[in-house]
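What follows is a set of notes on a single structure, which appears directly below.
The values are calculated or read from the model by the stated rules, or taken from the named source; none is laboratory data. Here the structure is a predicted model, which is why all the values come from computation and not from measurement. Cβ atoms come from the backbone with ideal geometry, glycine included; neighbour counts cover every protein chain shown. Ligands, DNA and RNA are excluded from the accessible area calculation, which covers all protein heavy atoms including side chains. Shrake-Rupley method; radii C 1.70, N 1.55, O 1.52, S 1.80 Å.
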Amino acid sequence: MRVLIVEDESRLAENLAQAFRDGPGFAVDCAGDGEAASQLAGQGCYDLIVLDLMLPKVDGLTVLKRMRACDDHTPTLVLTAKEGKESIVELLNAGADDYLSKPFDLGEVVARAKALIRRGKGASHPVLKIGGLELNTLEQTVHRDGRQIDLSPTEYRILEYLMHRPRVVVSKRELLEHLYDYNWEHHSNVIEVHISNLRKKLESGGQSAPIETLRGRGYRLSAEQNINEPSGL
């Protein structure tokens, strides 16, 4: 998943970015002021925005209102030093999906972020199931018909992204934008390799891989069933 962190305190921004990158599973971009945040958010390529309120040039609340006015519904977690009831009500009315008061625990930021991303993609439970394929976003494990499949971090991220979009054609460009940061062009020749390796691992039990390649269009995860529900794990 791709995350935009908007924070003008450079050390805090670095710590937040590292907390997400250590997940693993996140590509992270950072913006240090409200104008840069608005420009990056306007690209529409983020799965989540972590937004500080006190920013240079344009404050975070204005950035949020601009996004929602442009019909941008990217899940947004606001970081705020304001704890008054009126301030929180204003945040929520402006379109914030969740908030954390400073100081906060980095682990809680990442946990809340993951929950927002799941809800934003219509998956309220951390276990995604597509037919016999099962992916646990908390444990970051993958099983197919009860058989555990060991994936590299990038293979896992590709599969998780596709499982959030079953039966949807996902272009190579879209995968690159969400798997890497703004320098994703440097990785443009590796997607085919990762997809090939991922297919082989999913086929290792003698089953066909559920990932289709549509020449010139992208990739699609297909299965007879598509359910997102507790699996008992």
Legend entry - Tally of residues being more than 20 Å from Leu12 (Cβ to Cβ) and basic (Lys, Arg) across segment 37-94: 4
Inset, instruction - Spot the failing condition for Ala17; the list is (1) closer than 30 Å to Met163 by Cα; (2) modelled with pLDDT of 90 or more; (3) out of contact with any Cys (no Cβ under 8 Å at 6 or more places or on another chain), and only one is missed. - result: (3)
Inset, instruction - Output yes when any residue across segment 84-98 is surrounded by 15 or more Cβ atoms within 10 Å (Cβ to Cβ), assigned to a loop (DSSP other than H, G, I, E, B) and over 24 Å from the mean Cα position of the chain (by Cα), and no when none is. - result: no
Inset, instruction - Determine if segment 166-181 includes at least one residue that is at pLDDT 85 or above and among the hydroxyl-bearing types (Ser, Thr, Tyr). - result: yes
Inset, instruction - Please work out which residue is surrounded by the fewest Cβ atoms within 10 Å (Cβ to Cβ), limiting yourself to segment 210-233 and to residues that are modelled with pLDDT under 50 and not acidic (Asp, Glu). - result: Gly232
Legend entry - Criterion violated by Gln207 - all others in (1) under 22 Å from Lys114 (Cα atoms); (2) among the polar types (S, T, N, Q); (3) at pLDDT below 80 satisfied: (1)
Inset, instruction - Scan segment 131-142 and give yes if some residue there is open to solvent by 30 Å² or more (accessible area, probe 1.4 Å), touching a His at 6+ places or on another chain (Cβ under 6 Å) and either modelled with pLDDT of 85 or more or at positive phi (or both), otherwise no. - result: yes
Legend entry - Verdict on Arg2 being crowded, with 19+ Cβ neighbours inside 10 Å and basic (Lys, Arg): yes
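Listed here are the residues, each with its yes/no results for (1) polar (S, T, N, Q); (2) on the phi < 0 side of the Ramachandran plot; (3) in a loop (DSSP other than H, G, I, E, B).
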position: Leu12; (1), (2), (3): no, yes, no
position: Phe20; (1), (2), (3): no, yes, no
position: Gln39; (1), (2), (3): yes, yes, no
position: Tyr46; (1), (2), (3): no, yes, yes
position: Ile49; (1), (2), (3): no, yes, no
position: Val58; (1), (2), (3): no, yes, yes
Legend entry - Residue in segment 62-71 that is farthest from the chain's Cα centre (by Cα), counting only those that are under 19 Å from Leu116 (Cα atoms) and open to solvent by 20 Å² or more (accessible area, probe 1.4 Å): Lys65
Legend entry - Matching residues, segment 34-53, being at pLDDT 90 or above and surrounded by fewer than 16 Cβ atoms within 10 Å (Cβ to Cβ): Glu35, Gln39
